[in-house]
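Following: one structure in structure tokens, then a few remarks.
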Amino acid sequence: MDEDPRVDDAESLIAPVLAGDQAFAELMAALWEPSMRLVGGSKAMRGLRASEDDVREVVTRLMSKLQRDDFRSLRLYRPWKERHPDKTFADWFKITAANVVRDFARERRGTDHRRMPGELSKKRLLNDFAKTLPGEDLHGQRPPVTDAQTARQLLEYARERLPSEQLGALESWLQGASYDAIASSRGLDDAATAKRLVRAAVAVLRRHFGPDL
């Protein structure tokens with residue numbers, strides 16, 4: 001992956017982010033386009049013949065990694081820099097991005113990503129919902145958001161449109177719970193009941209903002 005010199009310019013935003021997450025959106029916006037080029041140009045992604053959506057998914061995962069666990073990854077940058085005084089933030093970011101790309105490539109090689117007919121796709125639901133959200137930056141582009149942020153906005157949207165049983169099942173599904181786990185935690189009869197609730201919730205939402213699955 002070739003380095004983008006603009007990544008180093010974002011280093012000054014790390015301290016404000018660690019002092020309060022209000023600055024993370026600014027850091028993410030600064031890193032988004034360089035990250036798209038960095039990830040899209042990687043040998044691993046080219047080897048997968050990755051689409052632009054694949055690249056965007058990896059970059060979203062990368063931003064989520066930086067934000068996760070109270071910015072744990074960003075907090076590790078300063079100790080790393082002290083151990084490698086000749087390196088830059090761009091060097092550290094390149095390594096971090098490469099790790100996320102590697103995990104995605106392993107997942108892609110080890111999984112058949114072709115969906116069976118009628119199978120729900122959380123990623124597609126979040127992507128389609130994100131397209132409906134208002135707001136553009138000064139360049140006419142929608143500000144980047146993570147899947148977790150989109151999921152929170154989707155649930156806020158859903159609270160006004162879904163009965164509580166569907167909303168609870170949808171929330172658990174968006175958090176990655178299996179249908180068995182949803183049934184167990186929600187006191188439902190079985191996984192099939194949980195799946196029906198999730199499908200019904202998705203169908204209601206899609207009638208408002210997107211095409212049917």
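Throughout, read-outs are computed from the coordinates displayed, never taken from laboratory work. Given the structure is predicted, the values throughout are model-derived calculations rather than measurements.
Below, the figures for the structure above:
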| item | result |
| --- | --- |
| Cα shape, the range 6-110, gyration tensor, a/c 1.5 rule | prolate |
| Full-extension gain in nm, THR88 to SER51, via 0.36 nm per residue minus C-alpha separation | 10.4 nm |
| Entries of LYS43/LYS123; LYS123/LYS195; LYS43/LYS94 with Cα pairs more than 19 Å apart | LYS43/LYS123 |
